[in-house]
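A.B. asks: What follows is a structure written as structure tokens; I'll ask about it next.
Derivation of every value follows stated rules applied to the coordinates shown; laboratory data play no part. Just so you know, these numbers come straight off a predicted model, no measurement behind them. Positions of Cβ are backbone-derived with ideal geometry, glycine not excepted, and every protein chain shown enters the neighbour counts.
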Amino acid sequence: MTDPKDINEEELKASLGPEAYQVLRERGTEAPFSGKYVHAKDKGMYKCKVCGTELFSSDTKFDSGTGWPSFDDAIPGRVELREDNEHGMQRTEVVCKNCGSHLGHVFDDVPAGKQAVRQDGGLATKRYCINSVCLDLDKT
Ligand SMILES: [Zn+2]
């Protein structure tokens, strides 16, 4: 994984493109149903787009119907949760612990029924709502 000290914001902006850069480094949100991993069912590890840290396993991914990739849990120790009171809402922001890039938010509102079924067959209890542009899937 990339050491955050080695990240050059100008180079990063050029390599990510303005949309992904705005989400990852300026805490933006991609449009719902626009991301390439919304309905992805491939097995593998989802890594941070900026630093390459493995963040989420496809085992915990579920199709919540919200328009963003949803995970029941993060790989232990890889993300940091921060209180976010912007836009008149009380939310919990999810950030890459290694490089500080914004990933999305985590909610308790898991849908009922088959939309809560994880790819490994378990039932989700949390909804890590993560922007596709923040992730790179390493297929196994
Ligand atoms: Zn990162």
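A.B. asks: Around residue 138, which amide H atoms from residues at least 5 apart in sequence, or from another chain, sit under 5 Å from its own amide H, with H modelled in the peptide plane?
C.D. replies: 45, 46, 47
A.B. asks: Something else: Counting other Cβ atoms within 10 Å, which chymotrypsin sites (Phe, Trp or Tyr not before Pro) in the stretch 1-85 have at most 12 and lie in a DSSP loop?
C.D. replies: Filter output for the stretch 1-85: 33.
A.B. asks: Once Rh is set to the Kirkwood radius over Cα pairs, what Stokes-Einstein translational diffusion coefficient, in µm²/s, holds for the chain at a temperature of 20 °C and a viscosity of 1.002 mPa s?
C.D. replies: D = 142 µm²/s.
A.B. asks: Further, regarding this structure: Through the Karplus equation 6.51 cos²θ - 1.76 cosθ + 1.60, θ set to phi - 60°, convert the phi angles of the stretch 95-110 into ³J(HN,Hα) values in whole Hz; use x for Gly and Pro.
C.D. replies: Going residue by residue, I get 10, 5, 5, 6, 10, x, 6, 5, 10, x, 9, 10, 10, 9, 8, 5 Hz, with x marking Gly and Pro.
A.B. asks: Taking 0.36 nm per residue of separation and subtracting the Cα-Cα distance, what length does fully extending residue 5 through residue 92 add?
C.D. replies: 28.8 nm
A.B. asks: Most fluctuating residue of 69, 18, 32 in a GNM of the chain with Cα springs under 10 Å: which is it?
C.D. replies: 18
A.B. asks: Could you tell me the distance between the Cα centroids of the stretch 71-122 and the stretch 6-39, to the nearest Å?
C.D. replies: 17 Å
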